[in-house]
Amino acid sequence: AQTVTQSQPEMSVQEAETVTLSCTYDTSESNYYLFWYKQPPSRQMILVIRQEAYKQQNATENRFSVNFQKAAKSFSLKISDSQLGDTAMYFCAFMKQEGGGADGLTFGKGTHLIIQP
Amino acid sequence: DTGVSQDPRHKITKRGQNVTFRCDPISEHNRLYWYRQTLGQGPEFLTYFQNEAQLEKSRLLSDRFSAERPKGSFSTLEIQRTEQGDSAMYLCASSLVFPRAQYFGPGTRLTVL
């Protein structure tokens with residue numbers, strides 16, 4: 001079974017600052033996907049960024065980028081030039097690449113990110 | 001592409017009653033997933049379909065829960081004899097086989113009194 005750990009329950013930064021959210025995972029799989037999702041207050045889960053484990057290049061999406069360290073089983077999210085609208089719960093999630101067993105996402109407990117004006 | 005939709009958005013029921021939720025996935029997505037999220041936690045996987053076939057069920061899915069996707073399009077999740085512990089947000093997501101990024105609906109918030 002896979003586990004995902006987010007060690008920062010809450011973080012608070014000033015608008016326009018850069019913030020990094022940490023995520024570590026444990027798996028015996030060699031091929032898998034990793035995701036960051038954003039869940040604003042009372043709103044639906046939004047996919048922020050995804051990373052295929054076989055790709056060495058770190059994924060980027062506009063102000064969002066990841067630092068994927070496969071050997072260390074670490075997958076952190078960096079948000080540059082943070083904006084008030086980035087305030088949300090952020091979830092790190094893992095999914096196996098191949099079938100056999102549960103094919104759903106395994107989520108961490110989340111990090112509540114607050115962007116202060 | 002109208003996104004994943006779920007109905008109803010909120011449901012309040014009394015303990016012991018049956019409830020049914022509906023999920024309409026993104027039209028070209030052949031995979032559909034159900035998750036449950038309790039307050040302050042990440043979502044937990046319940047089950048998923050590829051087309052009309054239910055391929056995996058979590059141990060969280062007790063025998064009071066049943067899910068269907070009869071024509072490979074929308075899906076329903078039924079909870080029989082609801083208990084207070086069933087109170088949660090029920091999330092639906094859909095994806096292609098590849099890439100497997102899952103896109104979530106707004107959820108159905110269930111309150112069991």
query = Condition test on A:LYS73, is it more than 12 Å from the chain's Cα centre (by Cα) and on the phi > 0 side of the Ramachandran plot?
reply = yes
query = Would you pick out the residues in segment B:48-57 that are at the interface with chain A (Cβ under 9 Å from one of its Cβ atoms) and within 15 Å of B:GLY105 (Cβ to Cβ)?
reply = B:TYR48
task = Select, from B:GLY107, B:GLY72, B:GLY85, the only residue that is over 11 Å from the mean Cα position of the chain (by Cα) and within 23 Å of B:GLN17 (Cα to Cα).
result = B:GLY85
request  = Determine whether segment B:93-100 contains at least one residue that is basic (Lys, Arg), farther than 19 Å from B:THR20 by Cβ and within 14 Å of chain A (Cβ to nearest Cβ).
outcome  = yes
task = Report, ordered by the first and then the second residue, all pairs with beta carbons closer than 7 Å, sequence separation of six or more or different chains, a first member in segment A:1-26 that is at positive phi, and a second member that is open to solvent by 70 Å² or more (accessible area, probe 1.4 Å) and not hydrophobic (A, V, I, L, M, F, W, C).
result = A:ALA16/A:ASP81
Within segment B:1-63, strands (runs of 3 or more DSSP E) holding 3 or more residues that are under 25 Å from A:GLN39 (Cβ atoms) = B:5-7, B:10-13, B:19-24, B:31-37, B:44-50
inquiry  = Would you confirm, using the coordinates I've provided, whether B:PHE49 is closer than 17 Å to A:LEU105 by Cα and in contact (Cβ under 8 Å) with a residue 24 or more places away in the chain?
reply    = yes
request  = Would you tally the residues in segment A:31-50 being in a loop (DSSP other than H, G, I, E, B), of a type outside the set (Ser, Thr, Tyr) and either touching a residue at least 24 places away in the same chain (Cβ under 8 Å) or loosely packed, with under 13 Cβ neighbours inside 10 Å (or both)?
outcome  = 5
request  = Go through (1) assigned to a loop (DSSP other than H, G, I, E, B); (2) under 30 Å from A:LEU113 (Cα atoms); (3) at pLDDT 95 or above one by one and return the number of the condition B:MET89 breaks.
outcome  = (1)
ask   = From the list A:THR3, A:THR27, A:THR20, A:THR60, which one is open to solvent by 40 Å² or more (accessible area, probe 1.4 Å), under 27 Å from B:THR47 (Cβ atoms), among the hydroxyl-bearing types (Ser, Thr, Tyr) and out of contact with any helix residue (DSSP H, G or I) (no Cβ under 9 Å at 6 or more places or on another chain)?
value = A:THR3
query = Within the group B:GLN50, B:GLN17, B:GLN84, which residue is in contact with a strand residue (DSSP E or B) (Cβ under 9 Å, 6 or more places away or on another chain), open to solvent by 30 Å² or more (accessible area, probe 1.4 Å) and modelled with pLDDT under 95?
reply = B:GLN50
ask   = Which of the residues belonging to segment B:58-82 are within 30 Å of A:PRO40 (Cβ to Cβ), without any contact (Cβ under 8 Å) to a residue 24 or more places away in the chain and within 14 Å of chain A (Cβ to nearest Cβ)?
value = B:SER58, B:LEU61
task = Identify all residues within segment A:51-60 that are within 14 Å of another protein chain (Cβ to nearest Cβ) and either part of a loop (DSSP other than H, G, I, E, B) or closer than 18 Å to A:MET89 by Cβ (or both); write none if there are none.
result = A:ALA53, A:TYR54, A:LYS55, A:ALA59
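The values are calculated or read from the model by the stated rules, or taken from the named source; none is laboratory data. The structure presented is a predicted model; accordingly, all values stated were derived computationally and were not measured. Because the Cβ atoms are built from the backbone with ideal geometry, glycine has one as well, and the counts that use them run over all protein chains shown. We work out accessible area using only protein heavy atoms, side chains counted, and drop any ligands, DNA or RNA first. Shrake-Rupley method; radii C 1.70, N 1.55, O 1.52, S 1.80 Å.
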